[in-house]
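Asker: First the structure, then my questions, so here it is.
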Amino acid sequence: MTKLQLKNISKSFGDTKILHNINLNVHDGEFVVLVGPSGSGKSTILRIIAGLEQPTSGQIEIDGKNINNLPPKDRDIAMVFQNYALYPHMTIYNNLAFPLKMKNTNKETINSLVNETSELLGIRNYLLKKPRQLSGGERQRVALGRAIIRKPKFFLMDEPLSNLDAKLRTQMRAELLKIHKALSKSVIYVTHDQTEALTMGNKIIVLNKGEIQQEGSPSDVYEKPHNIFVAEFVGNPAMNLFKVIIEKKSKIFLFDKDFSFEVPENIYKKLQANNSLNKDLILGIRPENIHISEHSPAENKIEFTAHIELIEMLGNEQLIHASWNSNTKGSTFTIRHSGKCHLKQNESVKVFFDINNAHFFNSETGERISL
Ligand SMILES: Nc1ncnc2c1ncn2[C@@H]1O[C@H](COP(=O)(O)OP(=O)(O)OP(=O)(O)O)[C@@H](O)[C@H]1O
Ligand SMILES: [Mg+2]
């Protein structure tokens, strides 16, 4: 068993604190995705794990042993970067063999490891070529091969696919997961792309401004976002957020309008217990949970008129950008509609959502109110 732990890691550059008490556990064979906006501190965390940067405080441990002072070369950790910088004058074979030569590995072992690794990555036919003769995706595989070949305990990958076009990126994601399965080594994978995070990780860690916002499985993070930041960041298009006040059981105040609406007992009770009645709350509803009314909606559904501002055709579905009504431009929201679209821009349409699919957040702290 190999376990990596970050304990209360903080990092400052000069007076600026970049990381705040980061705690993180990576277990054997886990594929952990670290996701967050640009500048949130993702690369800094990887660089601290690799030993390229020292934390200002806190401990890094492997199997319970502190490695804060262990030089990078002794950490048994391989890092793959976004710009994979292969040696242009060397053949693919020599690019792969390079890390082993540095460790004085004998020729036969090198040969068998190069063959094994290039087989795994499907680049066996390119061994005698130079990097410039390869496509972007093939070069990325060579870069991965160079990390894999040393058989390190951990892989750190910093946006390794961001230089590839969309199609190749999707393909390489799947390949990376296959390779991860074959090697069963731990991977910490950094991306700012939340779709990539949702599709790749067993565990996702959402970072913002150097603080962990949430850690959990992709479905945890999507279905139960801890706070408004996670709710808006994870999911594409983003969750719609509305100000709401639940005054009493039969009345809610939404979009600056009173709705006579029977709030379901379970939700009402929880909000009451949370001291959240008669207060500004944020109601979150995902675009796929707002529906175009074809018939009168059943109980527990909030129905209102939406003014369609723009329709984005995505082939099998449409994203409808709408506003609460044509007078209050600015308060727009998104509806994800699958199936045929008979709607038009500037048209008004009745839509509804089920309050049981709504998320509630405290508008001051941004924290989720768990129902
Ligand atoms: N050596 C440094 N000196 C000063 N500030 C730094 C240094 N390295 C990083 N920073 C700052 O730390 C913050 C976090 O940077 P980091 O590179 O970890 O972000 P990131 O999440 O990887 O962003 P991106 O998605 O853009 O790669 C940024 O505000 C950056 O400017
Ligand atoms: Mg980065």
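The values are calculated or read from the model by the stated rules, or taken from the named source; none is laboratory data. All figures in this text were calculated on a predicted structure; none of them were measured in a lab. Glycine also receives a Cβ, built like all others from the backbone with ideal geometry; neighbour counts cover every protein chain displayed.
Asker: In the stretch 30-51, what residues are under 13 Å from Y189 (Cα atoms) and away from ligand 2 (no atom under 14 Å from the Cβ)?
Answerer: The answer is E30, F31, V32.
Asker: Just to verify a result, which residue in the stretch 63-93, among those that are assigned to a loop (DSSP other than H, G, I, E, B) and among the hydrophobic types (A, V, I, L, M, F, W, C), is nearest to E108 (Cα to Cα)?
Answerer: Residues of the stretch 63-93 that are assigned to a loop (DSSP other than H, G, I, E, B), as a first pass: 63-64, 67-71, 75-76, 81-91.
Next cut, among the hydrophobic types (A, V, I, L, M, F, W, C) only: 67, 70, 81, 85-86, 90.
Details: I67: 33, L70: 30, F81: 29, A85: 26, L86: 23, M90: 19 Å.
Once the filter is applied, the top-ranked residue is M90.
Asker: Right, here's the next one. Before we move on, is S38 within 11 Å of ligand 1 (Cβ to nearest atom), in contact (Cβ under 8 Å) with a residue 12 or more places away in the chain and surrounded by 14 or more Cβ atoms within 10 Å (Cβ to Cβ)?
Answerer: Working: within 11 Å of ligand 1 (Cβ to nearest atom): yes; in contact (Cβ under 8 Å) with a residue 12 or more places away in the chain: yes; surrounded by 14 or more Cβ atoms within 10 Å (Cβ to Cβ): no.
The answer is no for S38.
Asker: Does the stretch 81-99 contain at least one residue that is in contact with an Asp or Glu (Cβ under 7 Å, 6 or more places away or on another chain), within 16 Å of ligand 2 (Cβ to nearest atom) and closer than 28 Å to F233 by Cα?
Answerer: Checked against the condition, which is being in contact with an Asp or Glu (Cβ under 7 Å, 6 or more places away or on another chain), within 16 Å of ligand 2 (Cβ to nearest atom) and closer than 28 Å to F233 by Cα, the stretch 81-99 yields at least one hit.
Asker: Would you mind stating whether G29 is closer than 23 Å to G216 by Cα, within 16 Å of ligand 1 (Cβ to nearest atom) and within 28 Å of the chain's Cα centre (by Cα)?
Answerer: No.
Asker: Looking at (1) of a type in the set (A, V, I, L, M); (2) more than 11 Å from ligand 1 (Cβ to nearest atom); (3) in contact with a helix residue (DSSP H, G or I) (Cβ under 6 Å, 6 or more places away or on another chain), can you tell me which one M102 breaks?
Answerer: With (1) of a type in the set (A, V, I, L, M); (2) more than 11 Å from ligand 1 (Cβ to nearest atom); (3) in contact with a helix residue (DSSP H, G or I) (Cβ under 6 Å, 6 or more places away or on another chain) applied to M102, the lone miss is (3).
Asker: Being surrounded by 15 or more Cβ atoms within 10 Å (Cβ to Cβ) and within 36 Å of the chain's Cα centre (by Cα) is the filter; apply it to the stretch 95-107 and report the residue that is farthest from S162 (Cα to Cα).
Answerer: Within the stretch 95-107, the subset surrounded by 15 or more Cβ atoms within 10 Å (Cβ to Cβ) is 95-100, 105.
Remaining after also requiring within 36 Å of the chain's Cα centre (by Cα): 95-100.
Numbers: N95: 21, L96: 22, A97: 25, F98: 25, P99: 24, L100: 27 Å.
Within the stretch 95-107, the match that is farthest from S162 (Cα to Cα) is L100.
Asker: Residues that are modelled with pLDDT under 85: list the strands (runs of 3 or more DSSP E) wholly contained in the stretch 269-371 that include at least 1 such residues. Full working, then the answer.
Answerer: On the way: elements: 281-285, 290-292, 301-313, 317-323, 332-338, 348-354, 359-362.
In the stretch 269-371, 301-313, 332-338 are the strands (runs of 3 or more DSSP E) which contain 1 or more residues that are modelled with pLDDT under 85.
Asker: Mind checking which residues of the stretch 1-26 are away from ligand 1 (no atom under 11 Å from the Cβ), within 19 Å of the chain's Cα centre (by Cα) and not β-branched (V, I, T)?
Answerer: N23, L24, N25
Asker: Do we have any residue at all in the stretch 65-72 that's more than 30 Å from R132 (Cβ to Cβ), within 15 Å of ligand 1 (Cβ to nearest atom) and free of Cβ contacts under 8 Å to residues at least 24 places away in the same chain?
Answerer: No: zero hits.
Asker: On to the next question. Just need a number here: residues in the stretch 7-29 that are within 16 Å of ligand 2 (Cβ to nearest atom) and among the basic types (K, R).
Answerer: 1
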